[in-house]
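For reference, the structure is listed below as C-alpha cells.
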Amino acid sequence: MDVYCENCGHRFEIPESMKGGMFNCPECGKLQSAGRHWHDTLWSGLYWGGVLVGCGLGITVFLNGHATAGVAILIATGIIAAVAAVWG
C-alpha cells in the first residue's frame, strides 16, 4: 500500500496488514496512521449515500405531515452515521 507522509510528503510502501495502524515515516520519523477503510471509495460512497438518503427521507416524511416519524428517521440517520464514522 502506498502512503504519503503527512509531514514531509515522502511516498513509501507499507504492507496492507498495517492499514489502520500507526507507523513512523522513514524520512522524517513523524508518527502517523495508515488510512482507515472509511477513506476507501466504496466505504465513503456507501457512508455519504446513506447519510443523504436518510436525511432526504427524514425531511420528506417530516414535510408530508409526519413530524414524529421524520424526526425519528433523522435521529436514527445521525446515530448510524456517527457509529459508522467511529467504527469505519
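So which pairs qualify, if the first residue must be in the range 53-64 and assigned by TED's automatic domain parsing to the domain that holds residue 75, the second must be exposed (fewer than 12 other Cβ atoms within 10 Å of the Cβ), the Cβ gap must be under 7 Å, and the two must be at least 6 apart or on different chains?
Nothing qualifies.
Pairs please, first residue from the range 1-13 and farther than 11 Å from residue 27 by Cβ, second anywhere and among the basic types (Lys, Arg), Cβ atoms under 7 Å, 6+ apart in sequence or on different chains.
So the pair list comes out as 1/19; 2/11; 6/30.
Which pairs do you get when a residue that is in the same structural domain as residue 55 (by TED's automatic domain parsing) and over 15 Å from residue 50 (Cα atoms), found in the range 66-88, comes within reach of a residue that is at pLDDT 95 or above and surrounded by fewer than 11 Cβ atoms within 10 Å (Cβ to Cβ), reach meaning Cβ atoms under 9 angstrom, with the pair 6+ apart or on two chains?
The qualifying pairs are 70/63; 70/64.
The values are calculated or read from the model by the stated rules, or taken from the named source; none is laboratory data. Computed from a prediction, not measured in an experiment: that's the story for all the values here. When we count neighbours, we look across all protein chains shown, and the Cβ atoms used for this are built from the backbone with ideal geometry, even at glycine.
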